[in-house]
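The values are calculated or read from the model by the stated rules, or taken from the named source; none is laboratory data. Computed from a predicted model, the values in this text were never measured in an experiment. Cβ sites come from the backbone with ideal geometry, for glycine too, and all protein chains shown count toward neighbours.
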Amino acid sequence: MMAQTDLIWQYQDAEAELDKLRKELEQTPERQKMKKLRRVLTEQSERIDSFKTGVKEREAELDSSLKKLEALLKDYDLEQDDLGIMMEDEESTAEELTESRKAMEELLEKVNALKKSLTDCENWIKRAEESIKETYQKGVKTKRDYEAAKAVVETEKQERKPVIDRAQREVERLESFVSPEILKRYKLIKKKFPNPVALIENNRCSGCGMSVSMSVVKKYQTDDSVIECENCGRLLCKRSV
Ligand SMILES: [Zn+2]
């Protein structure tokens, strides 16, 4: 039966190997490519959404502007009728006529300003619709590339599965030999550090680099028990294999 100290080291090595294999799988160029394409897809769809929202807002603006224009044109017609009547009325003063003409001019200015904003609005919508179409076409291509990358990633995953499964089984096999009490401590420390097990080298913990007390060093040298670093809490274990 192997000493607990050696077992825990082997267990840590096996876990590190499994982590490494999983990380390698996570970081293949094809997976990076797939992730990037997924980001691009999201950006494209957000772009389309934002244009669609803009179009909706401007369509509402167009609607209300058209109503305003209608009202202004009606006012203009009324003012024109009034002016016609005043011009035929001999009692109308020159001031009254000037005022009426001025009112008409003002209305006309408002009409022109509104027409310009309507045109701007319509042009914006036209451009946005072109952008939506263009982005959508790009999106179709991105989606295709994404699906292709995803298929490769799936193949990679299948190819590496046996090796990763084997590493996983090795972790489980070793875990079954480690005493439950030590395993519990190991897993607790693992939440803080990737390497919960450390050596004492030159009276220092190899995990945190801090010096350890002589009593700990002594226990470490003579005993096969698992000691904790007083500073970082890592398990201090001798290693003979
Ligand atoms: Zn330490």
Output the number of residues of segment 51-81 satisfying the condition of being exposed (fewer than 11 other Cβ atoms within 10 Å of the Cβ) and of a type in the set (Ser, Thr, Tyr). 1
Top-ranked residue in segment 221-241 [being at pLDDT below 90 and not charged (D, E, K, R); ranked as nearest to residue 193 (Cα to Cα)]: 226
What's the number of the condition residue 179 fails, among (1) of a type in the set (Ser, Thr, Tyr); (2) under 23 Å from residue 240 (Cα atoms); (3) away from the ligand (no atom under 15 Å from the Cβ); (4) surrounded by fewer than 12 Cβ atoms within 10 Å (Cβ to Cβ)? (4)
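Tell me which residues, restricted to segment 207-223, are assigned to a loop (DSSP other than H, G, I, E, B) and either within 12 Å of the ligand (Cβ to nearest atom) or under 48 Å from the mean Cα position of the chain (by Cα) (or both).
Once the filter is applied, which keeps residues that are assigned to a loop (DSSP other than H, G, I, E, B) and either within 12 Å of the ligand (Cβ to nearest atom) or under 48 Å from the mean Cα position of the chain (by Cα) (or both), segment 207-223 yields 207, 208, 209, 210, 212, 213.
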Answer yes or no as to whether residue 91 is exposed (fewer than 14 other Cβ atoms within 10 Å of the Cβ) and either in contact with a Pro (Cβ under 6 Å, 6 or more places away or on another chain) or not in a helix (DSSP H, G or I) (or both). yes
Criterion first (assigned to a helix (DSSP H, G or I) and within 14 Å of the ligand (Cβ to nearest atom)) does residue 173 satisfy it? no
Condition met for residue 192 (in a loop (DSSP other than H, G, I, E, B) and within 16 Å of the ligand (Cβ to nearest atom)): yes
What residue, of 161, 238, is more than 39 Å from the chain's Cα centre (by Cα) and either basic (Lys, Arg) or assigned to a helix (DSSP H, G or I) (or both)? 238
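Being more than 30 Å from residue 44 (Cβ to Cβ), at pLDDT 95 or above and surrounded by 17 or more Cβ atoms within 10 Å (Cβ to Cβ) narrows it down to one of 196, 162, so name that one. Explain how you work it out, then say what you get.
Numbers: 162 fails: surrounded by 17 or more Cβ atoms within 10 Å (Cβ to Cβ).
So the residue among 196, 162 that is more than 30 Å from residue 44 (Cβ to Cβ), at pLDDT 95 or above and surrounded by 17 or more Cβ atoms within 10 Å (Cβ to Cβ) is 196.
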Which condition does residue 181 not pass, out of (1) assigned to a helix (DSSP H, G or I); (2) at pLDDT 95 or above; (3) farther than 23 Å from residue 26 by Cα, if it passes all the others? (2)
